[in-house]
Amino acid sequence: MHQKLEYVSQINDYLVNGNYLKARKLLKENYKRNSYILNQYYGLLENIENNFCRSKEYFNNCLVFRKKELSALLSLSKVHIQLGNYGVAKEILTNLQKKESYYYQATIDLIYLYILLNDYEQAYYWYQTIDFENASARIYKHGQIIKTYLLKALGENEMLSKIDYVSNYTAVRIINNSDEDLIRHVRKHINLENEYADDKFFSNIDINKLLKVVNKEIATLNPNHFEVSDIYRFSLDEPIGYKGNQLTNDIAVVTVLDTKCIITMYPIKLSNEFDIDSNAKNEKLRLKRQNKLL
(Lines give C-alpha, C1' and ligand atoms only; values in the text may rest on other atoms or scores of the structure.)
Protein backbone atom coordinates (compact mmCIF):
# COMPACT_ATOMS: atom_id res chain seq x y z
CA MET A 1 0.00 0.00 0.00
CA HIS A 2 2.81 2.39 0.89
CA GLN A 3 4.44 1.81 -2.52
CA LYS A 4 1.13 2.43 -4.28
CA LEU A 5 0.59 5.71 -2.45
CA GLU A 6 4.13 6.70 -3.32
CA TYR A 7 3.73 6.32 -7.09
CA VAL A 8 0.25 7.92 -7.03
CA SER A 9 1.77 10.92 -5.26
CA GLN A 10 4.58 10.98 -7.82
CA ILE A 11 2.11 10.94 -10.73
CA ASN A 12 0.30 13.89 -9.16
CA ASP A 13 3.57 15.79 -8.74
CA TYR A 14 4.55 15.18 -12.37
CA LEU A 15 1.16 16.44 -13.61
CA VAL A 16 1.23 19.51 -11.38
CA ASN A 17 4.81 20.36 -12.36
CA GLY A 18 4.33 19.83 -16.10
CA ASN A 19 6.44 16.70 -16.60
CA TYR A 20 3.88 14.86 -18.70
CA LEU A 21 6.49 12.50 -20.14
CA LYS A 22 7.25 11.01 -16.72
CA ALA A 23 3.59 11.08 -15.66
CA ARG A 24 2.64 8.98 -18.70
CA LYS A 25 5.48 6.53 -18.10
CA LEU A 26 4.44 5.96 -14.50
CA LEU A 27 0.76 5.65 -15.42
CA LYS A 28 1.53 3.08 -18.12
CA GLU A 29 3.60 1.02 -15.69
CA ASN A 30 0.96 1.00 -12.96
CA TYR A 31 -2.43 1.42 -14.67
CA LYS A 32 -5.29 -0.77 -13.48
CA ARG A 33 -8.80 -0.32 -14.84
CA ASN A 34 -10.29 -0.98 -11.39
CA SER A 35 -8.45 1.99 -9.84
CA TYR A 36 -10.49 5.19 -9.69
CA ILE A 37 -7.53 7.47 -9.02
CA LEU A 38 -5.46 6.07 -11.90
CA ASN A 39 -8.36 6.47 -14.34
CA GLN A 40 -8.84 10.02 -13.06
CA TYR A 41 -5.16 10.90 -13.53
CA TYR A 42 -5.06 9.25 -16.96
CA GLY A 43 -8.16 11.19 -18.01
CA LEU A 44 -6.52 14.41 -16.84
CA LEU A 45 -3.27 13.66 -18.67
CA GLU A 46 -5.06 12.83 -21.93
CA ASN A 47 -7.07 16.04 -21.64
CA ILE A 48 -3.86 18.04 -21.10
CA GLU A 49 -2.20 16.40 -24.10
CA ASN A 50 -5.25 16.94 -26.37
CA ASN A 51 -6.24 13.25 -26.61
CA PHE A 52 -9.87 14.04 -25.82
CA CYS A 53 -11.49 10.76 -26.90
CA ARG A 54 -9.11 8.86 -24.64
CA SER A 55 -9.76 11.34 -21.86
CA LYS A 56 -13.51 10.70 -22.08
CA GLU A 57 -12.89 6.95 -21.93
CA TYR A 58 -10.94 7.20 -18.67
CA PHE A 59 -13.44 9.58 -17.08
CA ASN A 60 -16.29 7.29 -18.22
CA ASN A 61 -14.46 4.44 -16.46
CA CYS A 62 -14.71 6.52 -13.27
CA LEU A 63 -18.52 6.61 -13.49
CA VAL A 64 -18.79 3.00 -12.27
CA PHE A 65 -17.10 3.74 -8.94
CA ARG A 66 -19.60 4.18 -6.11
CA LYS A 67 -19.76 7.74 -4.77
CA LYS A 68 -17.36 8.95 -7.49
CA GLU A 69 -19.91 9.50 -10.26
CA LEU A 70 -20.36 13.22 -9.65
CA SER A 71 -16.62 13.89 -9.62
CA ALA A 72 -16.32 11.97 -12.89
CA LEU A 73 -19.14 14.00 -14.44
CA LEU A 74 -17.40 17.23 -13.44
CA SER A 75 -14.26 16.01 -15.22
CA LEU A 76 -16.29 14.98 -18.28
CA SER A 77 -17.84 18.44 -18.49
CA LYS A 78 -14.34 19.90 -18.87
CA VAL A 79 -13.60 17.56 -21.79
CA HIS A 80 -16.84 18.60 -23.50
CA ILE A 81 -15.86 22.25 -23.09
CA GLN A 82 -12.51 21.46 -24.74
CA LEU A 83 -14.36 19.89 -27.66
CA GLY A 84 -16.77 22.79 -28.02
CA ASN A 85 -19.74 20.66 -26.86
CA TYR A 86 -21.05 23.54 -24.77
CA GLY A 87 -24.64 22.28 -24.56
CA VAL A 88 -23.55 18.94 -23.09
CA ALA A 89 -21.20 20.66 -20.64
CA LYS A 90 -23.93 23.11 -19.57
CA GLU A 91 -26.39 20.29 -18.88
CA ILE A 92 -23.88 18.40 -16.74
CA LEU A 93 -22.89 21.50 -14.76
CA THR A 94 -26.50 22.63 -14.23
CA ASN A 95 -27.34 19.21 -12.79
CA LEU A 96 -24.26 19.23 -10.57
CA GLN A 97 -25.29 22.59 -9.15
CA LYS A 98 -28.22 20.79 -7.50
CA LYS A 99 -25.76 18.88 -5.32
CA GLU A 100 -24.67 21.08 -2.43
CA SER A 101 -21.10 19.72 -2.24
CA TYR A 102 -20.61 20.37 -5.98
CA TYR A 103 -22.36 23.73 -6.25
CA TYR A 104 -19.23 25.84 -5.99
CA GLN A 105 -17.09 24.03 -8.57
CA ALA A 106 -19.98 23.46 -10.97
CA THR A 107 -20.92 27.16 -10.77
CA ILE A 108 -17.32 28.27 -11.30
CA ASP A 109 -17.08 26.10 -14.43
CA LEU A 110 -20.46 27.38 -15.60
CA ILE A 111 -19.18 30.95 -15.21
CA TYR A 112 -16.20 30.10 -17.41
CA LEU A 113 -18.52 28.45 -19.92
CA TYR A 114 -20.66 31.59 -20.18
CA ILE A 115 -17.50 33.66 -20.59
CA LEU A 116 -16.53 31.46 -23.54
CA LEU A 117 -20.02 32.08 -24.93
CA ASN A 118 -19.54 35.86 -24.47
CA ASP A 119 -22.62 35.87 -22.22
CA TYR A 120 -21.03 38.06 -19.56
CA GLU A 121 -24.35 39.06 -17.96
CA GLN A 122 -25.20 35.42 -17.22
CA ALA A 123 -21.65 34.76 -16.04
CA TYR A 124 -21.87 37.71 -13.64
CA TYR A 125 -25.25 36.52 -12.39
CA TRP A 126 -23.73 33.19 -11.34
CA TYR A 127 -20.64 34.92 -9.96
CA GLN A 128 -22.90 36.82 -7.55
CA THR A 129 -24.33 33.57 -6.14
CA ILE A 130 -20.97 32.67 -4.56
CA ASP A 131 -19.77 34.23 -1.31
CA PHE A 132 -16.16 34.91 -2.32
CA GLU A 133 -15.61 37.40 0.51
CA ASN A 134 -15.77 34.69 3.18
CA ALA A 135 -14.03 31.97 1.16
CA SER A 136 -10.48 30.65 1.45
CA ALA A 137 -7.59 32.82 0.22
CA ARG A 138 -7.27 30.77 -3.00
CA ILE A 139 -10.99 30.95 -3.80
CA TYR A 140 -11.11 34.66 -2.92
CA LYS A 141 -8.24 35.27 -5.36
CA HIS A 142 -10.07 33.39 -8.13
CA GLY A 143 -13.20 35.37 -7.38
CA GLN A 144 -11.28 38.62 -7.68
CA ILE A 145 -9.94 37.54 -11.08
CA ILE A 146 -13.41 36.56 -12.31
CA LYS A 147 -14.96 39.81 -11.07
CA THR A 148 -12.21 41.89 -12.70
CA TYR A 149 -12.63 40.02 -15.99
CA LEU A 150 -16.42 40.34 -16.02
CA LEU A 151 -16.59 43.99 -14.97
CA LYS A 152 -14.12 44.88 -17.71
CA ALA A 153 -16.10 42.85 -20.27
CA LEU A 154 -19.34 44.50 -19.15
CA GLY A 155 -17.80 47.98 -19.32
CA GLU A 156 -18.46 48.64 -15.62
CA ASN A 157 -15.46 50.92 -15.21
CA GLU A 158 -16.70 52.63 -12.05
CA MET A 159 -17.14 49.30 -10.23
CA LEU A 160 -13.83 48.10 -11.65
CA SER A 161 -11.98 51.07 -10.20
CA LYS A 162 -13.07 50.05 -6.69
CA ILE A 163 -11.32 46.65 -6.81
CA ASP A 164 -8.00 46.44 -4.97
CA TYR A 165 -6.36 44.07 -7.43
CA VAL A 166 -2.76 45.35 -7.19
CA SER A 167 -1.53 42.23 -5.32
CA ASN A 168 -3.31 39.89 -7.75
CA TYR A 169 -1.00 39.54 -10.76
CA THR A 170 -3.55 37.89 -13.06
CA ALA A 171 -6.11 40.60 -12.31
CA VAL A 172 -3.44 43.20 -13.07
CA ARG A 173 -2.85 41.56 -16.46
CA ILE A 174 -6.57 41.72 -17.23
CA ILE A 175 -6.62 45.46 -16.52
CA ASN A 176 -3.21 46.41 -17.87
CA ASN A 177 -1.77 44.42 -20.78
CA SER A 178 1.76 45.68 -20.13
CA ASP A 179 4.76 43.99 -21.75
CA GLU A 180 6.96 45.33 -18.95
CA ASP A 181 4.82 43.60 -16.29
CA LEU A 182 4.86 40.38 -18.28
CA ILE A 183 8.63 40.34 -18.81
CA ARG A 184 9.20 41.11 -15.13
CA HIS A 185 7.00 38.16 -14.19
CA VAL A 186 8.48 35.71 -16.71
CA ARG A 187 11.96 36.49 -15.41
CA LYS A 188 10.95 34.60 -12.27
CA HIS A 189 11.08 31.46 -14.45
CA ILE A 190 14.64 32.18 -15.62
CA ASN A 191 17.55 30.63 -13.78
CA LEU A 192 19.95 33.48 -13.12
CA GLU A 193 22.64 31.40 -11.42
CA ASN A 194 23.12 28.17 -13.34
CA GLU A 195 22.19 27.38 -16.93
CA TYR A 196 21.29 23.79 -15.98
CA ALA A 197 18.72 24.42 -13.23
CA ASP A 198 15.58 22.30 -13.52
CA ASP A 199 12.13 23.75 -14.33
CA LYS A 200 13.48 27.12 -15.49
CA PHE A 201 14.45 28.79 -18.74
CA PHE A 202 18.15 28.97 -19.62
CA SER A 203 19.91 31.90 -17.97
CA ASN A 204 20.90 33.35 -21.37
CA ILE A 205 17.45 33.11 -22.98
CA ASP A 206 16.24 36.20 -24.85
CA ILE A 207 12.79 36.83 -23.34
CA ASN A 208 11.79 39.45 -25.92
CA LYS A 209 12.63 37.10 -28.78
CA LEU A 210 10.84 34.21 -27.06
CA LEU A 211 7.73 36.33 -26.58
CA LYS A 212 7.65 37.18 -30.29
CA VAL A 213 7.86 33.49 -31.22
CA VAL A 214 5.24 32.50 -28.65
CA ASN A 215 2.78 35.25 -29.64
CA LYS A 216 3.02 34.20 -33.28
CA GLU A 217 2.48 30.54 -32.35
CA ILE A 218 -0.57 30.97 -30.12
CA ALA A 219 -2.27 33.33 -32.59
CA THR A 220 -3.53 30.33 -34.59
CA LEU A 221 -3.87 27.73 -31.82
CA ASN A 222 -6.86 26.57 -29.80
CA PRO A 223 -6.13 26.52 -26.06
CA ASN A 224 -6.93 24.16 -23.23
CA HIS A 225 -9.25 25.96 -20.84
CA PHE A 226 -8.20 25.78 -17.19
CA GLU A 227 -10.05 27.63 -14.43
CA VAL A 228 -9.38 31.35 -14.87
CA SER A 229 -7.01 30.97 -17.80
CA ASP A 230 -6.23 29.30 -21.11
CA ILE A 231 -3.12 27.18 -21.56
CA TYR A 232 -1.29 26.56 -24.82
CA ARG A 233 1.23 23.73 -24.87
CA PHE A 234 3.54 23.18 -27.83
CA SER A 235 7.13 22.54 -28.88
CA LEU A 236 9.65 25.11 -30.07
CA ASP A 237 12.49 24.56 -32.54
CA GLU A 238 15.25 24.85 -29.93
CA PRO A 239 15.70 23.82 -26.26
CA ILE A 240 14.59 26.46 -23.76
CA GLY A 241 15.53 24.83 -20.46
CA TYR A 242 15.37 21.63 -18.41
CA LYS A 243 12.44 19.63 -17.06
CA GLY A 244 13.13 16.59 -14.91
CA ASN A 245 16.86 16.99 -15.65
CA GLN A 246 16.16 16.59 -19.38
CA LEU A 247 16.56 19.22 -22.07
CA THR A 248 13.18 20.35 -23.33
CA ASN A 249 11.84 22.30 -26.30
CA ASP A 250 8.34 22.25 -24.81
CA ILE A 251 6.57 25.25 -23.32
CA ALA A 252 3.31 26.09 -21.58
CA VAL A 253 1.91 29.56 -22.26
CA VAL A 254 -0.86 30.76 -19.95
CA THR A 255 -3.21 33.51 -21.11
CA VAL A 256 -6.25 35.33 -19.73
CA LEU A 257 -9.33 33.18 -20.44
CA ASP A 258 -10.62 33.50 -24.01
CA THR A 259 -7.89 35.98 -24.96
CA LYS A 260 -4.31 35.90 -26.23
CA CYS A 261 -3.10 38.13 -23.36
CA ILE A 262 -0.18 36.19 -21.87
CA ILE A 263 -0.02 35.83 -18.09
CA THR A 264 3.06 33.65 -17.86
CA MET A 265 5.03 30.85 -19.54
CA TYR A 266 7.41 28.12 -18.39
CA PRO A 267 9.20 24.96 -19.62
CA ILE A 268 7.32 21.64 -19.58
CA LYS A 269 7.98 18.14 -20.95
CA LEU A 270 5.35 16.72 -23.29
CA SER A 271 5.14 13.00 -23.95
CA ASN A 272 5.45 11.46 -27.41
CA GLU A 273 1.66 10.91 -27.36
CA PHE A 274 0.85 14.62 -27.18
CA ASP A 275 -1.55 15.33 -30.08
CA ILE A 276 -1.02 18.85 -31.35
CA ASP A 277 -3.42 18.36 -34.27
CA SER A 278 -6.37 17.05 -32.23
CA ASN A 279 -7.01 20.42 -30.65
CA ALA A 280 -4.60 23.16 -31.56
CA LYS A 281 -4.78 22.97 -35.34
CA ASN A 282 -8.33 21.66 -35.69
CA GLU A 283 -10.04 24.23 -37.93
CA LYS A 284 -13.48 22.64 -37.48
CA LEU A 285 -13.17 22.99 -33.70
CA ARG A 286 -11.91 26.56 -34.04
CA LEU A 287 -14.96 27.51 -36.12
CA LYS A 288 -17.26 25.71 -33.70
CA ARG A 289 -15.83 27.69 -30.81
CA GLN A 290 -16.04 30.94 -32.73
CA ASN A 291 -19.74 30.32 -33.42
CA LYS A 292 -20.23 29.68 -29.68
CA LEU A 293 -23.50 27.80 -30.10
CA LEU A 294 -25.24 26.05 -27.20
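Table: residues versus (1) modelled with pLDDT of 95 or more; (2) in a helix (DSSP H, G or I); (3) among the acidic types (Asp, Glu); (4) surrounded by fewer than 21 Cβ atoms within 10 Å (Cβ to Cβ).
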position	(1), (2), (3), (4)
Lys67	no, no, no, yes
Ser71	yes, yes, no, yes
Lys78	no, yes, no, no
Leu93	yes, yes, no, no
Hey, among the residues in the stretch 95-113 that are surrounded by fewer than 22 Cβ atoms within 10 Å (Cβ to Cβ) and of a type in the set (Phe, Trp, Tyr), which one's nearest to Pro223 (Cα to Cα)? Tyr104
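Name the one entry in Gly43, Gly18 that is at positive phi and either over 15 Å from the mean Cα position of the chain (by Cα) or not assigned by TED's automatic domain parsing to the domain that holds Asn222 (or both). Walk me through how you get there before you give the answer.
Working: Gly43 fails: at positive phi.
Just a single option satisfies the conditions, and that option is Gly18.
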Which number in (1) surrounded by fewer than 17 Cβ atoms within 10 Å (Cβ to Cβ); (2) under 27 Å from Ile115 (Cβ atoms) marks the one condition that Phe234 misses? (1)
Can you tell me which residues in the stretch 241-253 are surrounded by 21 or more Cβ atoms within 10 Å (Cβ to Cβ) and out of contact with any Asp or Glu (no Cβ under 7 Å at 6 or more places or on another chain)? Gly241, Thr248, Asp250, Ile251, Val253
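Applying the selection to the stretch 112-151, what residues are among the charged types (D, E, K, R) and in contact (Cβ under 8 Å) with a residue 12 or more places away in the chain?
Residues of the stretch 112-151 among the charged types (D, E, K, R): 119, 121, 131, 133, 138, 141, 147.
Once the filter is applied, which keeps residues that are among the charged types (D, E, K, R) and in contact (Cβ under 8 Å) with a residue 12 or more places away in the chain, the stretch 112-151 yields Glu121, Lys141, Lys147.
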Give me the residue from the stretch 220-253 that is among the aliphatic types (A, V, I, L, M) and within 19 Å of Gly84 (Cβ to Cβ) and, out of that set, modelled with the lowest pLDDT. Leu221
Please specify each residue of the stretch 233-272 satisfying the condition of being part of a loop (DSSP other than H, G, I, E, B), touching a residue at least 60 places away in the same chain (Cβ under 8 Å) and among the hydroxyl-bearing types (Ser, Thr, Tyr). Ser271
Determine whether Asp181 is under 22 Å from the mean Cα position of the chain (by Cα) and at positive phi. no
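Looking at the stretch 257-281, which of its residues are closer than 20 Å to Val88 by Cα, at pLDDT 60 or above and not acidic (Asp, Glu)? Spell out how you get there, then give the answer.
Within the stretch 257-281, the first condition is being closer than 20 Å to Val88 by Cα, and the residues that meet it are 258, 278-279.
Okay, now just the ones that are also at pLDDT 60 or above, so 258, 278.
Selection gives Ser278 alone.
Could you list all residues from the stretch 95-138 that are closer than 19 Å to Asp258 by Cβ and part of a loop (DSSP other than H, G, I, E, B)? If you could, list the steps in order and put the result at the bottom.
First, the residues of the stretch 95-138 that are closer than 19 Å to Asp258 by Cβ: 107-127.
Scanning the stretch 95-138 gives Leu117, Asn118, Asp119.
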For the stretch 47-65, enumerate the residues that are assigned to a helix (DSSP H, G or I) and either in contact with a strand residue (DSSP E or B) (Cβ under 8 Å, 6 or more places away or on another chain) or in the same structural domain as Ile276 (by TED's automatic domain parsing) (or both). Asn47, Ile48
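Quick grid of which residues meet (1) in contact with a Pro (Cβ under 9 Å, 6 or more places away or on another chain); (2) crowded, with 17+ Cβ neighbours inside 10 Å; (3) within 19 Å of Lys269 (Cβ to Cβ); (4) modelled with pLDDT under 90:
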{"position": "Glu180", "(1), (2), (3), (4)": "no, no, no, yes"}
{"position": "Asn191", "(1), (2), (3), (4)": "no, yes, yes, yes"}
{"position": "Asn208", "(1), (2), (3), (4)": "no, no, no, no"}
{"position": "Glu217", "(1), (2), (3), (4)": "no, no, yes, no"}
{"position": "Thr255", "(1), (2), (3), (4)": "yes, yes, no, no"}
Within the stretch 37-65, tally of residues that are among the aliphatic types (A, V, I, L, M) and closer than 18 Å to Phe226 by Cα: 3
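If you check Lys28 against the conditions, is it under 22 Å from the mean Cα position of the chain (by Cα), among the charged types (D, E, K, R), under 17 Å from Asn272 (Cα atoms) and in a helix (DSSP H, G or I)? It would help to see each step written out before you state the result.
On the way: under 22 Å from the mean Cα position of the chain (by Cα): no; among the charged types (D, E, K, R): yes; under 17 Å from Asn272 (Cα atoms): yes; in a helix (DSSP H, G or I): yes.
So Lys28 fails the test.
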Yes or no: the stretch 128-138 includes at least one residue that is within 18 Å of the chain's Cα centre (by Cα) and surrounded by fewer than 22 Cβ atoms within 10 Å (Cβ to Cβ). yes
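The values are calculated or read from the model by the stated rules, or taken from the named source; none is laboratory data. Small disclaimer: the values here were computed from a predicted structure and weren't measured. For neighbour counting, all protein chains shown are included, and Cβ atoms are generated from backbone atoms with ideal geometry for every residue, glycine included.
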